[in-house]
Every structure is written in structure tokens, then in C-alpha cells.
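Structure record follows, encoded as C-alpha cells.
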Amino acid sequence: MGCCVPSKESREPIRYDPNFNGPIHNRSCTDILWLIMFILFLGAWGYVGYYSMTRGSVDKLLAPIDSRGRRCGLDSGLEEKKYLIFFNIAKCLAPGTPITGCPTTQVCVSQCPDKTVLFKKELEQNPTAFEQIKMNMVCTEDVNLQTMTYSQAIQYIQEEKCASFVLQSQPVLGRCFVNVTAAMEVLRDVTNGTLDMEESEVLEQLTNLLRFKQLSSQIVQDLVQSRWYMAGALVAVVLLCFIYILLLRWVITPVVWLSIAGLFALMGFAIYLCYKNYEYYKANPVGLYQTTNLKGYAQSIFAKYETWLVILIVLAVLLLILFLVVVFLRSRITIAIALIREGSKAVTSIKSTILFPIFPWIFQCAIIAYGILVLMFLLSIGESAFRVVNLRNDTTCSCNGVYTEEGAPCNPLTFVEKCHDTSSVGGLLPCQLASCHFTGIDNPQIVIYMQLVNVLGFFWAMFFISGVADMMLASTFSTWYWTFHKNDLPFFTLTSGIYRTLRYHLGTVAFGALIIAIVRVIRVILEYIDHKVKKFDNPFTRCMMCFCKCMFWCLENFLKFVNKNAYIMCAVHGKNFCRSASDAFSLLMRNILRVVVLDKVADFIFFLSKLLISIGVGFAVYYLLEWNYVYEVTKGERLHYNYVPAVILSIATYLICTIFFNVYSMAVDTLFLCFLEDCERNDGSPEKPYFMSKNLMRILGKRNKKTT
């Protein structure tokens, strides 16, 4: 970055140039070396993708693993057995299961059970049906179902080599998942109504899981039922964005002030609702809710008047801060409105720019898909790693001295053979809690370096695409600004901006994108280190990690600001990245007050507009779904939770608005930089007239003098 230090020339105000009338045409390629490096790196990233896809396997990463450490459908002898079944699914409901694994026996099967069968109960009640039942039994690999006798079947069930029951289930990601309601009925049937403490706990966990399942199914049902409403609402949101853009073009001042007033009104309405809930729950205390499931936990929080009081205070403070900001910046907001009007004129004059962000977005989606795919393939390269878990908590588990330490590397087959529950009859049953748990895949050293290449390539490519889009728009809008008579604007302005960027300045974008990508990779590494040092957590390490993450976050945002303005200067003057960044930074520093009170106020107005539209759509959808007339017309059923589609549409609206307003933001940033240069380069005389609009000159107290 040493080359980007402002020179003495760049620190001086820009001088008048009679030959300058906008983006120069006689320009040369900039930062070619960095473009060559980017292309070579893309080749290396492509090789990493090829290497990972030829040596790794996503199936290996996602394939279920049985109790002996073999991958269902992949390992020798299990090619036809693609699904994993759990002997006692109730044991998998412990909170620590995702970390320590499920302690019940797990085997690979060719298909998931299509019906529920209680083998132990059936054999005890009807021994003559053994021959019909045994071929449906699910047992470990060392049990021969063909030669198994009735007495052996009873023994194997007691030793947990065969499942005492199987539940009707469906394959999900290679695992046989059961119906929770059926599982509860079977468990009650198996225990014959006599439950010990452990079984009662399992039933409670199943009940909570059933409630969560009912909540999830109701939400899914609501989304399915309201899918056409939501699709229509998204179309309406797009139209609303177009209408809002047109309003910004013609009636910008009332729209901006009404947007600010509308946001204040929405926040005031939210405060009113919070106050009414606060009054209600304070006067009518609600009893205790079941807090072991998501819905009950939410109800237990929002049924307390203290919760609504806190929300009310937070909203009131935010409203007061926003109000004070608007009051103190009202004069600057007027100038920012004029700047936004200029941006609106530029956008509506070059209408194709409105839909332009869709194409970079498509490329970025492709980059995201490729990066994730390479990541998954790289993670699957290597040998499976297993470690002993829960051995410390399982006092009755003995491994005959083979495994004695918690977290020690283990072999699943050896663990099954050597480790047993000493409290069971004959000491032949598997350990109750301890298991040889699959912890991941040990990757070779080269894979770690390839992961770094993949991460850097991902961020470099993402920032490169957004940088190319920014420079194309900057070239387009700067052409509009520096066209003295706007009616003389070339028809293919956007096309010319695209051509100039692709022909001359891809190297500049590659250099700028690399700088931000390196900082982002450092932030990712810091997050990884923070995750790894959690077990050594202390105030000093927390403070240091927080400081480092905060510093690099600030650095990344500062570099993004510098990059965007460097792209604008490069699009106008055709200079390399360092010179463009230096010129842009110096120009902004010479007008630092205008940067703070104009450019940032414009960004604040855009943020308020996006917030207004998204929150307004959320409230509108919610109360529309509360309206009985809608269901009378559509003949549809009332939804369980109206806030679910309202929240989803509110988030989707914000994302859609962001896509549209990003063009506006780039237009305002470009015109703002051009406006600052216009003020320094020209003085309004006939020889050096201002290129800014008459409205902007009127607000700033400037004017172009007529020739005498």
C-alpha cells in the first residue's frame, strides 16, 4: 500500500483542464500485472477444484456411519445397505448427542422399516411365529439370521445384538427417521405402562420433540398454504420498488420526508403496541409455560411484562436518537436530497442500470456454489477419525485396558469387541453411554493449504465481481454527470461503461479486490483461532481476540470505502489503482465535512427508505392475514402463525430493496465525487462552467455566469 500514499500533486486542489469533459477516451490498460496474477490464481483455484473433486467424495462426507465405523453404501460389503437404523432412537434425544454421538447400536440396512414391529413382545407372546418374524429382525453383522434359533434370538435381543423393536420410518439423508407419535406409542407399549425414571425422561423428551414437530409442521403448512400470497407479494414488492424509484425522480423531497415520518410513525406504533402489552401482562400475570420446547420458551418470555418494558425502552431510545439526528441534520438532509435527486435523474435517464445488478448477482451465486462444493470435497479427503467419548461418565463401561482415556483415538470395531457394560448379565451388553464416536476426517497437510487457496479464491472472486459492477456503474453515471447538456447523453452509455471496464481496468479491480480479500481471510482465520482457543478461555485472550477482530473489521470497511472511490476515479480518469485511490482519498479529505454530512446522510436516507418499505410490508402482510375478508374471498383456511410469512416477506423485501438501492447508492457516490471535483475544477465562469444541476447550484448558492 506504500504506492497509495498521496503525492504532493494529489493533495492540491484539482486544476481546470479545458480538454476535460468527462471519462477520458484515450486511456490505457491499468494494473495488468495484477490481472495476470488474478487469472493465474483462478487457474490454481480451478486445479484445487479438480484435485478435490477427483480425490474427495461428498458421499463420503455425508454417508452415515454404523457402530463399527463403516460407511453405509460405500464400504466393502455395504454397497447395497445405504441406510442407517438406530436400535433405540429414544437414546438419541440427549442434548449432547450431536457432540458425543448416539449411544445406541446403529447398523446399515438395505431399506428402512415400512412397518412397526415389536420383536421382543411378539416372540414372547407367539413363539410359533418366530420363522416369519426373524427375517424382518435388524441385527449386527456377526448375527446370522438364516441359522438363528428362537433361544438365540431372545439372547441377542437381551445382548442388544438385535433390535427389540423397529419403527416405521423414512430415509432422510441416509438415516431412518421415525414418526415421533408412533415412537411414543411403541415406547409406552414396550414398557407396559410401568416407567422408571429414565424411561419417563425419554417420554418427556419425545413429548417435547412432538410439540416441536407440531410447531414445525404448522409453520410449514402455513408457508405452503400462503405460497401464492407470498409470490404475489414479492411481485408487488418489486413494483413498489419501481414506483418508489419513480417517486424519487419526480417528488423526491416529500417522499424522503414522508419516508422519515413514516418510519417514525411505525416506530411510534410499535412503541404503542409494546405499551399495551406491558399494561396487559402487568395487570394479568400469566402462569408458567412449558419451557422445554421452542414455542413454550417464546411464550414464557413474551408473557412477562418486564420483556415488553425492555422492548418499549429500547424502541423509545432509538426513536429519540433518530429524531435528534434528523433535527440536527435537517439542513444537510436538504442538500442530500438534491444529491439523491441527481442520482435519481441519472438512474431514470439510463434505465437499464436498474436491472444491471441481477447479472453480477447471478455470477456471485455461481461463485458461492463453486466455493461450497470445493469446500465439501476438500473436507472429504483423508481418513475417518474416531475418538472415545463419555467414558468418564460411564462408570460401568470396561474396555479391558484397551481404552482408558477420554478422547483417545479408537477403532469402532475394536471398541465394539472389547468394551462392554460390566453391570449387565454376563457383561456382554454394549456400554450405556461410552462410544467410539466419529469426529470427522483427518485431512492431509496439503488439504489445509488448499483450503486457504479456496477461501482466498472465494473472497477474491466475490469482491472482484462486485468491484467490476461498481466500476461499470461508476463509468456510466460519471458520463451522465460530465455531459453538460443531459439530452446529449449517448444512447449506449451503460454499454460503453461496461466496455471500458472490461477492456482497460480489470487489473485495477483485481488489485482492489485482493486487498479486501486478504483482510477478510485474516478475519476468517481469527474466527477459527477464536473457536480453537475457547478451551483456554480467559479475560486476556478474550480481550485480545475482540481487539483483533474489531480492528480488522474496521480496516475492511475502510478499505471498501477507499476501493469504491478508487474505482470511481479510475472510471473517470483511467489511472491505476494506487493513483486513483490517492486522488480520491485526497479529494475526500479536502472536503471531509461534505463527505460526512452529505454522502453519509444520503446513505442514511437510503437505509431509512429500505427500513420503511420492509417494515411496512411486514405490518401490511400481518394485518392483511388477520382480515376475515381475505379468507372469505379466497376460501382459504386461516393460518396458524401470521407472523411467519410476514417476517419472511419483510426480510425478502429488504434484500430486494438492497439490490435496487445499491444502484442508487453507487449513483450517489459517483455523482458526489464528480460534484466535489466539479467544485474544484470549475468556478461558474463562462470559460469554466459548473456541470452540476441548477437545483444543486441553487441550494449551494452557486451559479453559472452567462456570457456577456
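Below are the figures for this structure:
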| item | result |
| --- | --- |
| Single residue of Ala303, Ala346 found to be more than 30 Å from Asp470 (Cβ to Cβ) and small (Gly, Ala, Ser) | Ala303 |
| So Pro23, is it at pLDDT below 80, part of a loop (DSSP other than H, G, I, E, B) and open to solvent by 70 Å² or more (accessible area, probe 1.4 Å) | no |
| Subset of segment 589-625 (residues that are charged (D, E, K, R), modelled with pLDDT under 75 and closer than 18 Å to Cys657 by Cα) | Asp603 |
| Close pairs from segment 391-406: first free of Cβ contacts under 8 Å to residues at least 60 places away in the same chain and in a strand (DSSP E or B), partner open to solvent by 60 Å² or more (accessible area, probe 1.4 Å) and of a type in the set (Val, Ile, Thr), Cβ under 8 Å, at least 6 apart | Cys397/Thr422; Ser398/Thr422 |
| Subset of segment 136-164 (residues that are of a type in the set (Asp, Glu) and within 22 Å of Thr116 (Cα to Cα)) | Glu141, Glu159, Glu160 |
| Residues satisfying the stated conditions in segment 445-492, i.e. modelled with pLDDT under 85 and in a helix (DSSP H, G or I) | Tyr481, Lys486, Asn487, Asp488 |
| Any hit, segment 394-416, residues being charged (D, E, K, R), under 28 Å from Asn443 (Cα atoms) and touching a Ser or Thr at 6+ places or on another chain (Cβ under 6 Å) | no |
| Residues located in segment 514-565, provided they are of a type in the set (S, T, N, Q), more than 29 Å from Arg579 (Cα to Cα) and in a helix (DSSP H, G or I) | Thr541 |
| Test: Thr479 is in contact (Cβ under 8 Å) with a residue 60 or more places away in the chain, closer than 28 Å to Phe356 by Cβ, β-branched (Val, Ile, Thr) and in contact with a helix residue (DSSP H, G or I) (Cβ under 9 Å, 6 or more places away or on another chain) | yes |
| Tabulated pairs, segment 299-325, first in contact (Cβ under 8 Å) with a residue 24 or more places away in the chain, second acidic (Asp, Glu), C-beta under 9 angstrom, 6+ apart or interchain | Tyr305/Glu279; Trp308/Glu279 |
| Options Ile354, Ile337; residue that is over 30 Å from Phe464 (Cα atoms), part of a helix (DSSP H, G or I), among the aliphatic types (A, V, I, L, M) and out of contact with any Gly (no Cβ under 8 Å at 6 or more places or on another chain) | Ile337 |
| In segment 529-560, residue nearest to the chain's Cα centre (by Cα) [restricted to those that are at pLDDT 80 or above, loosely packed, with under 11 Cβ neighbours inside 10 Å and more than 19 Å from Ile515 (Cα to Cα)] | Phe547 |
| Inter-residue pairs, beta-carbon under 6 Å, first free of Cβ contacts under 8 Å to residues at least 12 places away in the same chain and closer than 30 Å to Leu378 by Cα and in segment 421-446, second of a type in the set (D, E, K, R) and surrounded by 19 or more Cβ atoms within 10 Å (Cβ to Cβ), 6+ apart | none |
| Count - residues of segment 410-444 that are in a strand (DSSP E or B), closer than 13 Å to Cys399 by Cβ and not hydroxyl-bearing (Ser, Thr, Tyr) | 3 |
| Condition check for Thr483: surrounded by fewer than 22 Cβ atoms within 10 Å (Cβ to Cβ), among the hydroxyl-bearing types (Ser, Thr, Tyr) and either on the phi < 0 side of the Ramachandran plot or in contact with a Phe, Trp or Tyr (Cβ under 6 Å, 6 or more places away or on another chain) (or both) | yes |
| Filter result (more than 30 Å from Leu433 (Cβ to Cβ), surrounded by fewer than 20 Cβ atoms within 10 Å (Cβ to Cβ) and of a type outside the set (A, V, I, L, M)) within segment 361-390 | Trp361, Phe363, Gln364, Cys365, Tyr370, Gly371 |
| Residue match in segment 378-389 (condition: modelled with pLDDT of 85 or more, of a type in the set (Phe, Trp, Tyr) and farther than 30 Å from Leu559 by Cα) | no |
| Pairs with Cβ under 8 Å, 6+ apart, first in segment 365-386 and under 18 Å from Val453 (Cα atoms), second surrounded by 16 or more Cβ atoms within 10 Å (Cβ to Cβ) and among the charged types (D, E, K, R) | Ser380/Lys60 |
| Conditions (1) assigned to a loop (DSSP other than H, G, I, E, B); (2) at pLDDT 75 or above; (3) hydroxyl-bearing (Ser, Thr, Tyr): number failed by Tyr641 | (2) |
| Count of segment 123-176 residues which are touching a residue at least 24 places away in the same chain (Cβ under 8 Å), surrounded by fewer than 16 Cβ atoms within 10 Å (Cβ to Cβ) and either in contact with a Lys or Arg (Cβ under 7 Å, 6 or more places away or on another chain) or of a type in the set (A, V, I, L, M, F, W, C) (or both) | 1 |
| Residue identified as at pLDDT 75 or above and either among the polar types (S, T, N, Q) or touching a Leu at 6+ places or on another chain (Cβ under 6 Å) (or both) among Leu649, Leu676 | Leu676 |
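The values are calculated or read from the model by the stated rules, or taken from the named source; none is laboratory data. All values derive from a computational prediction rather than experimental measurement. Note that each Cβ is placed from the backbone with ideal geometry, even for glycine, and that neighbours are counted across all protein chains shown. Ligands, DNA and RNA are stripped out before the accessible areas are found, and what is left, the full protein with its side chains, is counted by its heavy atoms. Shrake-Rupley method; radii C 1.70, N 1.55, O 1.52, S 1.80 Å.
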